[in-house]
Amino acid sequence: MLIIAGIFPVMSGSLAQLPLPVGGAVLFAAYLQMFGTAFRTLQGTTFQSKTIYRMALPALTGISIMNIPASAFGQIPPLLVPILSNGLIIGVILVILLENLIRWDRFDPAVPASSAAPSAIPSPAPAMPAPAAAPASPAAYRQPNNETALSSSKCR
């Protein structure tokens with residue numbers, strides 16, 4: 001929706017007129033949802049030094065970038081300023097780089113490198129018990145109607 005609003009100058013102009021506290025409140029609500037998802041993801045995690053580095057480095061880098069004044073980005077090309085001055089974007093980029101460039105399994109001496117990474121193939125689901133025998137034909141469940149009962153009584 002914001003991409004479409006950015007295409008039309010009238011719509012983007014009206015969004016630009018919003019006060020900063022309103023934009024901050026909208027971002028605050030979005031950040032709360034992300035933190036909730038992060039906390040649910042962390043449930044059951046054993047915290048070790050590598051786990052703390054994996055979480056704290058991107059988070060603290062992003063928070064630090066958000067506290068840098070806008071004047072510090074004056075020498076950076078204007079096209080890169082919105083990306084490099086956004087702590088959330090830098091934090092996400094840092095997470096992606098850390099997860100793809102660092103072999104975290106070699107920092108955990110208790111787990112052999114071959115078994116540190118989880119398998120990409122999920123384990124098969126437990127076998128379900130065989131279904132019970134199919135019922136007899138559907139005719140076995142039908143109730144005789146009155147005509148059948150009457151016709152059988154006439155035959156006698």
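Computed from the coordinates by the stated procedures, all read-outs in this text should not be read as laboratory data. Because the structure is predicted, anything quoted here is derived from the model rather than measured. Positions of Cβ are backbone-derived with ideal geometry, glycine not excepted, and every protein chain shown enters the neighbour counts.
For a quick check: sort Arg54, Arg40, Arg106 by the number of other beta carbons within 10 angstrom, fewest at the front.
Lowest to highest Cβ neighbour count: Arg40, Arg106, Arg54.
Exposure proxy check: Thr51, Thr37 ranked by fewest other beta carbons within 10 Å?
Ranking Thr51, Thr37 by Cβ neighbours within 10 Å, fewest first, gives Thr37, Thr51.
Could you work out how much longer the chain between Ile83 and Leu97 gets when fully extended? Use 0.36 nm per residue separation minus the Cα distance between them, nm to one decimal.
Full extension of this stretch gives 3.5 nm more.
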